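Peer 1: Sharing a structure with you now.
All of the numbers you see were taken from the coordinates with simple rules; none came from a lab. Since this is a predicted model, take the numbers as computed values, not measurements. Cβ coordinates were reconstructed from backbone atoms using ideal geometry, including for glycine residues, and neighbour counts include every protein chain displayed.
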Amino acid sequence: MKRLAAILLLFLPLACGGGGSPDDDDESQAPGPVPPPSGAVTSEPSVPPGTAPPVGVTWHVGITENVSLARMQSLYASLVAANNGIWNISEGQVRVHRIRFYDAVAPGLPASQFVFGSAPVNRSNLDILVWPSATWDVPMTGAVTASAGLGRSGRFMIVPEHASTFIFMHEASHFLFRLSWSVGPMLVDEYQDGVQDIACVMESENAPPRWCNDANHSSQSSQPHACWRQILADYPSFRHAGRDTATTLPAAPIAEYHDTP
């Protein structure tokens with residue numbers, strides 16, 4: 001696994017994908033049609049505090065280059081697999097309801113110029129920015145940063161097009177909740193002290209994946225307590241039964257493609 005303390009220092013407050021290899025195969029394919037779950041949907045990319053589950057969020061995904069519709073659809077399939085995982089580890093309480101895709105948002109821009117060179121990119125209508133493999137020239141598997149004015153909601157994700165299901169799940173876990181603990185407004189990486197166990201997707205790739213709770217969280221210098229404890233503190237309508245799985249697949253996200261000719 002890649003541990004990128006130097007990059008974290010340069011891009012704070014940033015959470016960087018850890019665990020697994022970006023070349024890992026996706027764990028699941030797009031599900032067949034299933035009835036959409038009841039509950040709230042939001043145009044926001046993360047769950048608004050106070051929302052009762054189940055809740056579906058909306059992601060605006062930009063691809064730097066002008067790519068084919070087929071490439072956008074392939075990325076959608078990767079996000080569907082990640083959505084299945086998110087639904088499971090949230091015990092059927094969080095899913096992605098809608099994904100709006102846009103391409104050619106920063107043609108010719110290498111990821112290194114964005115991360116290290118502060119290259120200007122119009123992010124006002126985006127939540128996630130994706131680079132094709134050829135221009136993902138940074139030694140990380142993905143990242144999320146939170147700061148006022150970033151993206152549509154003050155947080156922003158960057159990933160390569162080839163990211164595995166686990167990497168998308170890890171980065172989405174940073175992204176989904178608005179938390180109030182001292183370490184920052186989102187779930188943070190747990191591997192800053194080295195990988196101590198595999199209880200949580202925030203520390204290491206684990207099968208089956210889960211967010212850590214009080215029963216299995218290892219003490220970390222990077223955070224004061226388990227992920228689920230803070231999620232429940234900020235989202236009192238949520239519940240954690242300890243199953244870390246859902247009984248059904250979620251509805252596949254609604255896809256909207258804004259394909260540049």
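Peer 1: If neighbour count is taken as other Cβ atoms inside 10 Å, put Thr165, Thr51 in order from fewest to most.
Peer 2: Thr51, Thr165
Peer 1: Counting alpha carbon pairs within less than 8 Å and at least 6 residues apart, what relative contact order, in whole percent, applies to the range 35-102?
Peer 2: Relative contact order for the range 35-102 comes out at 39 percent.
Peer 1: Counting helices only, and only those DSSP H runs with n ≥ 4, report the 222 nm mean residue ellipticity of the chain as the sum of -39,500 (n - 2.57) divided by its residues, in deg cm²/dmol to the nearest 500.
Peer 2: -6000 deg cm²/dmol
Peer 1: For log10 I(q)/I(0) by the Debye sum over Cα atoms at q = 0.08, 0.11, 0.14 Å⁻¹, the choices are (1) -0.32, -0.60, -0.95; (2) -0.28, -0.54, -0.91; (3) -0.42, -0.70, -0.97; which was calculated from the structure?
Peer 2: Looking at log10 I(q)/I(0) by the Debye sum over Cα atoms at q = 0.08, 0.11, 0.14 Å⁻¹ for this model, the match is (2).
Peer 1: Here's a follow-up. Given points 7 Å out from each Cα along the Cα-Cβ axis, report the Thr248 to Glu44 separation in nanometres with one decimal.
Peer 2: For Thr248 paired with Glu44, the spin-label model returns 2.6 nm.
Peer 1: Which one, His225, Val138, Pro208, projects farthest toward the positive side of the charge dipole computed for the range 129-236 from Cβ point charges (K/R +1, D/E -1)?
Peer 2: His225
Peer 1: Oh, and also: What's the exposure ranking of Arg123, Arg243, Arg98, going from fewest to most Cβ atoms within 10 Å?
Peer 2: So the ranking, lowest neighbour count to highest, is Arg243, Arg98, Arg123.
Peer 1: What is the extension gain from Ser237 to Ser118, computed as 0.36 nm multiplied by their sequence separation minus the C-alpha to C-alpha distance, in nm to one decimal?
Peer 2: Extra length from Ser237 to Ser118 when fully extended: 38.9 nm.
Peer 1: Take the alpha-carbon centre of the range 189-204, take the same for the range 81-131, and report the distance between them in whole Å.
Peer 2: After rounding, the separation between the Cα centres reads 23 Å.
Peer 1: So for the chain, averaging the separation of alpha carbon pairs under 8 Å that are six or more residues apart and normalising by length, what relative contact order in percent results?
Peer 2: 28
Peer 1: Fewest first, what order do His97, His258 take by the number of other Cβ atoms within 10 Å?
Peer 2: Neighbour counts put them in this order, fewest first: His258, His97.
Peer 1: Would you pull out the residues with amide H under 5 Å of His60's amide H, same chain only if 5 or more places away, H placed 1.01 Å from N?
Peer 2: Arg100, Asp127, Ile128
Peer 1: I need the calculated FRET efficiency for the pair Asp197 and Gln73, taking r as the beta carbon distance and R₀ as 35 Å, to the nearest 0.05.
Peer 2: Efficiency for this residue pair is about 0.40.
Peer 1: Still on this structure, please answer the following. Sequence gap at least 6, Cα distance under 8 Å: using those rules, report the relative contact order of the range 158-217 to the nearest whole percent.
Peer 2: 21
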